[in-house]
Amino acid sequence: MPITAKAVPGAKLLTPTDHTLVMIDFQSQMAFATHSIDAVTLRNNAALVAHSAAGFGASTILTTVAEKSFSGPMFDEIKAAFPEQAMLDRTSMNSWEDAAVIKRINEIGKPRIVLCGLWTSVCIVGPALSALDQGFEVYVIADACGDVSAEAHNRAMDRMVQAGAQPMTALQYLLELQRDWARGDTYDLTTGIAKKFGGAYGLGIIYAKTMFGAHEG
């Protein structure tokens, strides 16, 4: 039988309302030992994710580990996107074993979990495998994660993907939430975030708009 195509999105694509983003341990002490990605790129990608989630109204949990006693505060770029949101501070390396985090996950009640943070092989693998085990769909924003080495990061990503997690990137997260340039109510939001945090893509938008008055869609 022939397959009939339909102009509708695939079920695996994220929307602003179907997931909870959990941003984990974007803190100074954790970043000092991160070598799989440079600190500037990491901070930029984390900011892109945070401002995308905040702009589209995606449910978001911000969690730290030993903020006052050891690891330091969450990156300013993330706090700027959520100026009124409290951090959930933990002692556990695995956020999924923290009662306050799980209480918030259940209060939000979304079936999909999107993860990013430091380090990939510990603080991202832990909740990813735990959430998968409990029946959640899990997405991991790979370039908004980092680890002590490229090997550690890559093997952690392999482990999560093999268990069923779906990898994506920071820019992909933003554009997947927008997905159609005809959605005029979030067009300026999306291109504005891209211009500020979207690297070469953002520069291209700035150039096209400045030189030619170009407008996607």
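The values are calculated or read from the model by the stated rules, or taken from the named source; none is laboratory data. Everything quoted here is computed from the prediction, not taken from an experiment. Here the Cβ positions follow ideal geometry from the backbone for every residue, glycine too, while neighbour counts run over all protein chains shown. Protein only, heavy atoms only, side chains kept; ligands, DNA and RNA dropped before computing areas. Shrake-Rupley method; radii C 1.70, N 1.55, O 1.52, S 1.80 Å.
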Next on the checklist: Taking the 0 to 90 degree range and rounding to the nearest ten, how far is the long axis of helix 99-108 tilted relative to the main principal axis of the chain, both from C-alpha atoms?
Outcome noted: 30
Checklist entry - What is the set of long-range amide H partners of Gly117 at a cut-off below 5 Å, with H atoms built 1.01 Å from backbone N? => result Ile24, Cys145, Gly146
Next on the checklist: Rounded, prolate or oblate, given the Cα gyration tensor of region 26-94, with a/c below 1.5 counting as rounded?
Outcome noted: oblate
Next on the checklist: Just to confirm, what accessible area per residue do you get for the chain at 1.4 Å probe, in whole Å²?
Outcome noted: 49
Checklist entry - Relative contact order for region 40-155: what is it in percent, counting Cα pairs under 8 Å that are at least 6 residues apart? => result 24
Next on the checklist: Below 8 Å between Cα atoms, with a sequence gap of 6+, how large is the relative contact order for the chain in percent?
Outcome noted: 24
Checklist outcome for this item: Taking a ≥ b ≥ c as the square roots of the Cα gyration tensor eigenvalues, with a/c under 1.5 meaning rounded and otherwise prolate when a/b beats b/c or oblate if not, region 41-189 comes out rounded
Checklist outcome for this item: If R0 = 30 Å, then Asp38 and Val8, at their Cβ-Cβ distance, give a FRET efficiency to the nearest 0.05 of 0.15
Checklist entry - Between exposed trypsin sites (Lys or Arg not before Pro) in the chain, where DSSP calls loop and at most 10 other Cβ atoms lie within 10 Å, what's the longest gap? => result 13-217
Checklist entry - Cα axis of helix 39-56 to longest principal axis of the chain: angle in degrees, 0 to 90, nearest 10? => result 70
Checklist entry - Which links in Lys6/Lys103; Lys68/Lys103; Lys110/Lys209; Lys68/Lys195 stretch past 29 Å when you go from one Cα to the other? => result Lys6/Lys103; Lys110/Lys209; Lys68/Lys195
Checklist entry - For region 55-121, what is the charge dipole size about the Cα centre, in debye to the nearest 20, if Lys and Arg each add +1 at the Cβ and Asp and Glu each add -1 at the Cβ? => result 200
Checklist entry - Over the chain, what is the percentage of antiparallel beta bridges among all DSSP beta bridges, to the nearest 5? => result 5
